[in-house]
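All remarks here apply to the structure that follows.
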Amino acid sequence: MPELPEVETTRRGIATLMPQQVLRQCLVHQPKMRWPIPPNMNELVQNKTVLACERRGKYLLLRFEHGYQIIHLGMSGSLRSVPLDTPRLKHDHVEWIFDHARFLLHDPRRFGAVLWHDLRDGPILKHPLLAKLGVEPLNSEFNPDYLFQQFANRNASIKSVLLAGQAVVGVGNIYASESLFKAAIDPTAPAKSLSLAQVTALHQAIVETLQQALDSGGSTLRDYKNATGEAGAYFDLFAQIYGKAGQPCPRCATPIQRMVQNQRATYFCSRCQNVNT
């Protein structure tokens with residue numbers, strides 16, 4: 001699934017072309033996505049100027065004077081720039097056409113979304129999909145003290161709390177496993193059991209892991225492509241344990257193990273992370 005680094009990489013890509021441009025058409029070829037695309041989507045944005053390309057968590061936000069398009073890439077989607085005359089592929093479900101640019105939402109599994117939020121309904125951050133999201137992990141308000149307070153009363157495993165997105169947003173499955181390994185924390189430990197020293201180490205690991213992923217354009221897992229159609233390189237260059245079950249731990253050479261938590265794969269070193277298996 002495209003996670004925060006992949007979505008932010010996409011945002012940066014489209015932000016070089018979309019803002020201050022008039023959207024001539026928004027063509028919906030397949031409205032049956034995770035949530036139905038509004039049937040009047042083209043009428044809402046046709047010939048309107050895109051003011052900014054923003055992001056909250058894993059949601060892309062295209063800002064217009066009267067509202068926002070909310071875009072989610074789903075499990076395997078991508079939003080890429082293509083020449084105006086490029087043929088549309090089978091799973092290109094939505095396209096944005098400008099005078100000198102064209103963008104296609106490619107989503108084979110159709111778990112993505114393109115929704116509309118009218119500003120007459122309130123600020124965009126009050127939208128039900130965004131209102132309960134945690135802080136952004138690369139912003140200044142994300143710090144060890146904040147994280148320690150968020151974990152204080154949470155009985156769930158630390159891996160599950162990270163993935164829930166209510167304490168901090170955007171630490172997806174790959175990056176949660178990598179961060180917990182870097183911080184030498186048992187992924188099954190209750191969040192509230194972590195000491196301030198452990199939370200401080202985890203905070204640093206999260207920031208470093210996400211920044212590495214962002215700098216390298218995200219993960220190459222599944223079929224993620226950025227806004228120019230290129231694959232990211234995080235997994236190949238930086239991932240130490242994710243997807244490497246049976247391979248030696250880069251610290252102690254103990255074989256990396258895999259388990260399932262809440263239907264998601266977790267990779268860990270039983271020795272470095274003190275996991276009872």
Query raised in the report: For residues in the range 38-82 being assigned to a loop (DSSP other than H, G, I, E, B), among the hydrophobic types (A, V, I, L, M, F, W, C) and closer than 14 Å to residue 112 by Cα, which is least open to solvent (accessible area, probe 1.4 Å)?
Result: 73
Report task. Please enumerate the residues belonging to the range 110-137 that are under 19 Å from residue 168 (Cα atoms) and among the small types (Gly, Ala, Ser). Result -> 131, 134
Report summary line: Counted residues in the range 34-50 being over 16 Å from residue 18 (Cβ atoms) and among the charged types (D, E, K, R) come to 2
Query raised in the report: Of all the residues that make up the range 162-192, how many are open to solvent by 10 Å² or more (accessible area, probe 1.4 Å), in a helix (DSSP H, G or I), without any contact (Cβ under 8 Å) to a residue 60 or more places away in the chain and not small (Gly, Ala, Ser)?
Result: 2
Query raised in the report: Taking the range 83-118 as the region of interest, how many residues are in contact (Cβ under 8 Å) with a residue 60 or more places away in the chain, over 26 Å from residue 128 (Cα atoms), assigned to a loop (DSSP other than H, G, I, E, B) and of a type in the set (D, E, K, R)?
Result: 1
Query raised in the report: residue 105: open to solvent by less than 10 Å² (accessible area, probe 1.4 Å) and either touching a strand residue (DSSP E or B) at 6+ places or on another chain (Cβ under 8 Å) or small (Gly, Ala, Ser) (or both), yes or no?
Result: yes
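Being in contact with a strand residue (DSSP E or B) (Cβ under 7 Å, 6 or more places away or on another chain), of a type in the set (Phe, Trp, Tyr) and either on the phi > 0 side of the Ramachandran plot or not in a strand (DSSP E or B) (or both): is that true of residue 35 here? Can you show your working first?
Numbers: in contact with a strand residue (DSSP E or B) (Cβ under 7 Å, 6 or more places away or on another chain): yes; of a type in the set (Phe, Trp, Tyr): yes; either on the phi > 0 side of the Ramachandran plot or not in a strand (DSSP E or B) (or both): yes.
Yes.
Select from the range 23-37 the residues that are in contact with a Phe, Trp or Tyr (Cβ under 7 Å, 6 or more places away or on another chain) and under 16 Å from residue 99 (Cα atoms) and write down the one among them that is most open to solvent (accessible area, probe 1.4 Å).
So, considering only residues that are in contact with a Phe, Trp or Tyr (Cβ under 7 Å, 6 or more places away or on another chain) and under 16 Å from residue 99 (Cα atoms), the one most open to solvent (accessible area, probe 1.4 Å) is 24.
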Query - Answer from 60, 51 - the residue that is at pLDDT 95 or above, touching a strand residue (DSSP E or B) at 6+ places or on another chain (Cβ under 8 Å) and closer than 13 Å to residue 11 by Cα - result: 60
Query raised in the report: When residues of the range 123-145 are filtered for being surrounded by 16 or more Cβ atoms within 10 Å (Cβ to Cβ), not in a loop (DSSP other than H, G, I, E, B) and not aliphatic (A, V, I, L, M), how many remain?
Result: 1
Query raised in the report: Do you know which of the residues in the range 202-218 that are closer than 23 Å to residue 255 by Cα and free of Cβ contacts under 8 Å to residues at least 40 places away in the same chain is farthest from the chain's Cα centre (by Cα)?
Result: 205
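The values are calculated or read from the model by the stated rules, or taken from the named source; none is laboratory data. Bear in mind the structure is a predicted one, so any value in this text is a computation, not a measurement. Backbone-built Cβ (ideal geometry, glycine too); neighbour counts: all protein chains shown. Just the protein is used for accessible areas: all its heavy atoms, side chains included, with ligands, DNA and RNA removed. Shrake-Rupley method; radii C 1.70, N 1.55, O 1.52, S 1.80 Å.
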